[in-house]
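Some notes on the structure that comes next.
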There are 2 protein chains.
Amino acid sequence: MLAPAAEALGVRFSVLAETADAPATQVISEVTVGDYTDFATLKAFAETVDVVTFDHEHVPPEHLQALAEAGHAIRPGPQALIFAQDKILMRAKMDDLGLPNPAWATITSVADAEAFAERVGLPFILKTPRGGYDGKGVRVIEDLAEVSDWLEEMPQLLAEEKVDFTRELAVMVGRSPMGQTAVWPVVETWQQNGVCKEAIAPAPGLPADKATAITEAILKVAGALDVTGVMAMEMFETPEGFLINEFAMRPHNTGHWTQDGAVTSQFEQHLRAVLDLPLGSPAAREEVSVMVNVLGADHEDLYQPYFHVMAHDPAIKVHLYGKSVRPGRKVGHVNAYGYDRDSVLARARHAADFIAGVDVDPYPDIPAPTHLAADDEKETL
Amino acid sequence: MLAPAAEALGVRFSVLAETADAPATQVISEVTVGDYTDFATLKAFAETVDVVTFDHEHVPPEHLQALAEAGHAIRPGPQALIFAQDKILMRAKMDDLGLPNPAWATITSVADAEAFAERVGLPFILKTPRGGYDGKGVRVIEDLAEVSDWLEEMPQLLAEEKVDFTRELAVMVGRSPMGQTAVWPVVETWQQNGVCKEAIAPAPGLPADKATAITEAILKVAGALDVTGVMAMEMFETPEGFLINEFAMRPHNTGHWTQDGAVTSQFEQHLRAVLDLPLGSPAAREEVSVMVNVLGADHEDLYQPYFHVMAHDPAIKVHLYGKSVRPGRKVGHVNAYGYDRDSVLARARHAADFIAGVDVDPYPDIPAPTHLAADDEKETL
């Protein structure tokens, strides 16, 4: 999804793809197929471009460090990326910065787990420090017997209290090497089985002081880690405030609404930031924007239901990724925007579920989409 | 500029490019280099794709006819495209449809030109029926001696009265093979030396009955010619109504504002239309949208001034085409949108001229950009 932004900015794009049929190869003309864990491959690729950036955090940090030391522009740099790669380092850093962590501990033995359970109670959350994604590498520990097999595989684990949150929030920032920053509005997110399902921008009813505290927190992190590019911070909202959950240092699912709902999309901003261009405005263009993921269901064919959705709602924005369908896999997302939150939410949810093949009414009773065309009248499209 | 729309729709794109370094090759991964006037090249290319469409009208109509007869999906089809390719056929067709033409005549001799001058006076406009573009193939005839050299080169020419217009207007439609249509708001355009320089959407102060008559006219043309894809109709506004100037059967410069200012861009709509997908909403997202072309000036380097513009106006949208700079050549365009027309116009004009290298104040006194973020308050970005 960076490719369209590169086109508009007049920037040439090369991709190091794992396989010749990776989705990125469908839209980027300069493709190198290779293994991102192999240093020689990375080095050869880096030599063909001005700036290297990422769409995931799994490139080995020692390789990135070596490339940076060899003078390649790695953005975000390994000194920042390591905190998105290693959740234990991240927790310690948030403590250093005085930012709100849930209770946590490094677990290297069953005794550590017992001590942590004594402190926060059961159940608690156990995570692999590296490599987790979309609910993978996360366990809810109800019984301490569930800790030991992971300890045999990994020298250390991260334990976190199970936060009793009111809802989940997320925020994103863009930051350039020159230190310019731009923060998008805070969004409400909804996870289903550990996978992001929805984002609503801006987060409904979020008090201004809480939004300000969240904005200040992500700016503090971005500055302290010298982040370049875009970064997402996921949070738990609690009655007292918020607790930091996770970071991603790349365009992120919780920012997909910006493609159609913000003056500058997260993809354009990421490119502007890693290229050290002045950043674009992160302002919302609409009263409310909603993103709903299309999660693979039983149906292989997304196109037939997509046609229906396009015909049913000519203002909906569907983004498909060109991936094959597997149950629960993110194969696309839907953006909707307008005035009325209930209507926008209903439109986006219906479209995403209908395309995925979830059994929903093809002609639901959704209020007509409203539009911002005129200042004081809400036109029906 | 179709490539980003294809990405979002999940559609694969192949391009037949004239040269290996054509701008399209920078953003489309499947490239065939070949001559679009050579039938064998066209045929071989058509066999690799499901639908063939165009970004100019210069493919020989007899080749398109042969491809269509061989069963290839050519959209728009040759039966429609011929009217954008041949201005004499177009004039005759508009007369057939009862739509408002300026006075015109086919000129095959100096005597024809004399008779036409007697009817409409001097100066009049002389055009080559085929192949004209951006003011090329057009002469203002002040003296009948200026007719004869063209008549030696071409069997027939098109003469048109020089219309005393109040301003120029343009409108675009999307139409699919199933016959669905969607018309964007009518825009005001401004041509400089025969080249489109600006478009303002919607056309300021256009009376509703005139906008309706224009919308009905383009729908009549699109239906009568069985157009598929998007089509632009350029017009002269007169005190009495409007007169048709020209057509383009492809995404058009007067529709570039839709990339950032409409629910569905002309590029997305063109793909939806030629692929026979349901069309998207053509509604304007903003009170006013302005497009200003970046026309090449003396400066080769567009990037340094582009940086300044990005920093100066974080809400401006700049689209560069990756073309080398030649004086007067369209090398990009700028879109701006907001509430206040004077401010939006000034921002877009300044950005386009500054990038091109025109000598303008780097920090002009432009009213702050206003934004649609809130319903009843106009936030400053």
Find every distance from the label point of residue B:145 to the corresponding label point in the other copies (7 Å from Cα along Cα→Cβ) and write them in nm, one decimal, shortest first.
-> 10.8
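Over all directions, what mean area does the Cα convex hull of chain A project, stated in square nanometres? Intermediate values should be presented prior to the final figure.
On the way: hull surface 80.4 nm².
Dividing the Cα hull surface by four gives the mean projection, 20.1 nm².
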How big is the convex hull of the Cα atoms of segment A:182-335, per residue, in Å³?
-> 130
Per residue of chain A, what 222 nm ellipticity follows from adding -39500 (n - 2.57) for every DSSP H run with n ≥ 4, rounded to the nearest 500?
-> -9000 deg cm²/dmol
Using the Karplus curve 6.51 cos²θ - 1.76 cosθ + 1.60 with θ = phi - 60°, work out ³J(HN,Hα) for each residue of segment A:235-249 in order, rounded to whole Hz, and write x for Gly and Pro.
-> 9, 9, 8, 10, x, 7, x, 8, 10, 6, 9, 8, 10, 10, 10
Under a 5 Å amide H to amide H cut-off, with H placed in plane at 1.01 Å, what residues pair with residue A:340 once short-range neighbours are removed?
-> A:370
Would you look at the GNM of chain B, springs on alpha carbons closer than 10 Å, and say which of B:128, B:238, B:53 moves the most?
-> B:238
Segment residue B:307-residue B:149, length gained on full extension (0.36 nm per residue, minus Cα span) = 52.1 nm
For residue A:296, other-chain or 5+-apart residues with amide H closer than 5 Å (H placed, Pro excluded) are A:326, A:328, A:329, A:330, A:331
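Which percent of the accessible area of segment A:112-268 is formed by carbon and sulfur heavy atoms (probe 1.4 angstrom)? Walk me through the intermediate numbers first.
Details: 2920 of 6080 Å².
Here it works out to 48 percent.
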Projected area, mean over directions - segment A:103-161, Cα convex hull, nm² | 3.5
Starting from one equal scatterer on each C-alpha and no solvent at all, send me the Debye-based log10 I(q)/I(0) for segment B:71-120 at q = 0.14, 0.19, 0.21, 0.25 Å⁻¹, two decimals.
-> -0.49, -0.74, -0.83, -0.97
If you take the Cα Rg of segment A:159-203 and divide it by 2.2 N^0.38 Å, with N the number of residues, what do you get?
-> 1.48
So what J values fall out for segment A:334-340 if you push phi through Karplus, 6.51 cos²θ - 1.76 cosθ + 1.60 with θ = phi - 60°, rounded to Hz, Gly and Pro as x?
-> 10, 10, 9, 8, x, 8, 9
When ligands, DNA and RNA are left out and all protein chains stay put, how many square angstrom of accessible area per residue does the protein assembly as shown have with a 1.4 Å probe?
-> 40
Grab the residue from chain A whose Cβ hugs the A-to-B rotation axis most tightly, plus its distance in whole angstrom.
-> A:4, 2
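Based on a Kirkwood Rh over C-alpha pairs, give the Stokes-Einstein translational diffusion coefficient of segment A:1-105 at 25 °C and viscosity 0.890 mPa s in µm²/s. It would help to have the intermediate numbers written out before the result.
Values: Rh = 15.4 Å.
This corresponds to a translational diffusion coefficient of 159 µm²/s.
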Pairs beyond 30 Å (Cα-Cα), from B:127/B:330; B:43/B:162; B:93/B:317; B:93/B:210; A:127/A:210; A:87/A:210 | B:43/B:162; B:93/B:317
Using a label position 7 Å from Cα in the Cα→Cβ direction, what is the ascending list of nm distances from residue B:33 to the same site in the other copies?
-> 2.3
At 1.4 Å probe size, with no ligands or nucleic acids counted, give the accessible surface of residue A:29 in Å², nearest ten.
-> 40
Chains A and B together, accessible area buried on both sides, 1.4 angstrom probe, square angstrom | 4100
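Average the reciprocal distances over every distinct pair of alpha-carbons in segment A:29-183, invert the result, and give the Kirkwood radius in Å.
Kirkwood hydrodynamic radius for segment A:29-183: 18.0 Å.
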Evaluated at q = 0.05, 0.09, 0.10 Å⁻¹: base-10 log I(q)/I(0), Debye formula over Cα of the protein assembly as shown | -0.29, -0.87, -1.06
Provide the per-residue ³J(HN,Hα) series for segment B:137-145, in order, calculated from phi with Karplus coefficients 6.51, -1.76, 1.60 and θ = phi - 60°, each as a whole number of Hz, with x at glycine and proline positions.
-> x, 10, 10, 8, 8, 9, 9, 5, 4
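The values are calculated or read from the model by the stated rules, or taken from the named source; none is laboratory data. Quantities reported herein were computed from a predicted structural model and do not represent experimental measurements. Here the Cβ is made from the backbone with ideal geometry for all residues, glycine too, and neighbour counts use every protein chain on show. Please note that ligands, DNA and RNA were not included when accessible areas were found on the heavy atoms of the full protein model with its side chains. Shrake-Rupley method; radii C 1.70, N 1.55, O 1.52, S 1.80 Å.
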